[in-house]
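**Student:** Below are the structure tokens for one structure; questions will follow.
The values are calculated or read from the model by the stated rules, or taken from the named source; none is laboratory data. Bear in mind that the values here come from a model prediction, so they are computed numbers and not experimental data. Reconstructed Cβ throughout: ideal geometry from the backbone, glycine too, with neighbour counts over all protein chains shown. Calculation scope for accessible area: heavy atoms of the full protein, side chains included, ligands and nucleic acids excluded. Shrake-Rupley method; radii C 1.70, N 1.55, O 1.52, S 1.80 Å.
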Amino acid sequence: MAAATATAGNAVNDCFSIGSTVMCTTCFNEEVEGEVLAFDHNTKMLILKCRSKTTEELSDIYALNLSLCSNVQVIKECNGNFVDDPQKLNLEQVKMRLRKTVERRQDYLKSQNADVSSEAQELYRAIAKQYGYNEVSWQGLNIQILNEVTISPPYRVDNVVSSSNNETSCNYIKRIIKQFFNSRISGAQDSTSNAAASTSSASVSPTSSSLSSSNAASGSPVPAN
């Protein structure tokens with residue numbers, strides 16, 4: 001039986017049978033396939049139980065807004081023998097995880113600045129992890145912490161300035177900056193060392209034919225294989 005398909009611009013199925021297998025593509029371009037646990041037509045919310053990406057003993061539960069999904073397909077219809085009631089969802093836990101996911105996404109968006117380098121944005125996130133994203137902000141090209149410490153381009157230790165001469169905060173932020181750039185240098189050196197080791201191991205040793213030619217020219221016997 002051909003799979004029923006719906007795109008984001010079309011209406012989704014009026015109902016998905018519990019126990020059916022459905023696959024769709026999320027707004028993050030991630031393909032999700034799993035067993036239908038619940039579906040609410042009014043809100044277009046579909047709950048899928050999917051195979052865990054980390055362990056076979058557990059399952060991942062996805063709450064999907066089909067209005068934001070595409071390529072919705074019913075891979076396998078329930079055969080009607082589905083008798084077990086689905087386990088009740090802990091809605092409070094679902095809400096908490098959703099809230100945390102939204103907060104993490106919002107925090108990541110706060111670190112974005114189209115006018116600075118990706119390195120500067122990574123430094124912003126490193127500082128925000130220590131102080132909290134609510135205490136760090138972009139002021140043009142500058143990173144501002146606690147509304148009193150400013151880091152200007154090129155975002156090195158010498159570019160840290162405190163409007164209130166708070167040496168304690170300045171010194172702590174300078175240590176974060178030092179650690180950030182030292183870790184990047186260390187990572188680059190490790191990558192260079194690994195590349196050099198790979199090149200060295202790829203060097204070709206003299207072949208048996210070249211050894212034979214050399215031994216023949218010198219009059220030495222060629223060792224038998």
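**Student:** Out of (1) in contact with a helix residue (DSSP H, G or I) (Cβ under 9 Å, 6 or more places away or on another chain); (2) open to solvent by 70 Å² or more (accessible area, probe 1.4 Å); (3) basic (Lys, Arg), what's the single condition that is false for ARG125?
**Tutor:** (2)
**Student:** Related question: Across region 105-127, what is the total count of residues that are assigned to a helix (DSSP H, G or I) and closer than 20 Å to GLN144 by Cα?
**Tutor:** Total satisfying the criteria: 15.
**Student:** Would you point out the residue of region 128-172, among those that are of a type outside the set (S, T, N, Q) and at positive phi, that is surrounded by the most Cβ atoms within 10 Å (Cβ to Cβ)?
**Tutor:** Selected residue: TYR155.
**Student:** I've got another one for you. Of everything in region 29-56 that's of a type in the set (Asp, Glu) and in a loop (DSSP other than H, G, I, E, B), which residue is surrounded by the most Cβ atoms within 10 Å (Cβ to Cβ)?
**Tutor:** Selected residue: GLU30.
**Student:** Quick check on this structure: which one of SER59, SER70 is without any contact (Cβ under 8 Å) to a residue 40 or more places away in the chain, polar (S, T, N, Q) and either in contact with a Leu (Cβ under 7 Å, 6 or more places away or on another chain) or surrounded by 14 or more Cβ atoms within 10 Å (Cβ to Cβ) (or both)?
**Tutor:** Checking each option against the conditions leaves just SER59.
**Student:** Related question: Which members of region 128-142 meet the condition of being under 16 Å from ILE177 (Cβ atoms), out of contact with any Ser or Thr (no Cβ under 7 Å at 6 or more places or on another chain) and part of a strand (DSSP E or B)?
**Tutor:** Selection gives VAL136 alone.
**Student:** Which numbered condition in (1) within 29 Å of ASN65 (Cβ to Cβ); (2) out of contact with any strand residue (DSSP E or B) (no Cβ under 6 Å at 6 or more places or on another chain) is the only one that GLY187 fails?
**Tutor:** (1)
**Student:** Among (1) of a type in the set (S, T, N, Q); (2) farther than 25 Å from VAL102 by Cα; (3) modelled with pLDDT under 90, which single condition is THR21 missing?
**Tutor:** The number of the failed condition is (3).
**Student:** For SER162, are the conditions met, namely being farther than 17 Å from GLU119 by Cα, of a type outside the set (A, V, I, L, M, F, W, C) and in contact with a helix residue (DSSP H, G or I) (Cβ under 6 Å, 6 or more places away or on another chain)?
**Tutor:** Spelling it out, SER162 is indeed farther than 17 Å from GLU119 by Cα, of a type outside the set (A, V, I, L, M, F, W, C) and in contact with a helix residue (DSSP H, G or I) (Cβ under 6 Å, 6 or more places away or on another chain).
**Student:** State yes or no: is ASN90 under 30 Å from ILE61 (Cβ atoms) and polar (S, T, N, Q)?
**Tutor:** yes
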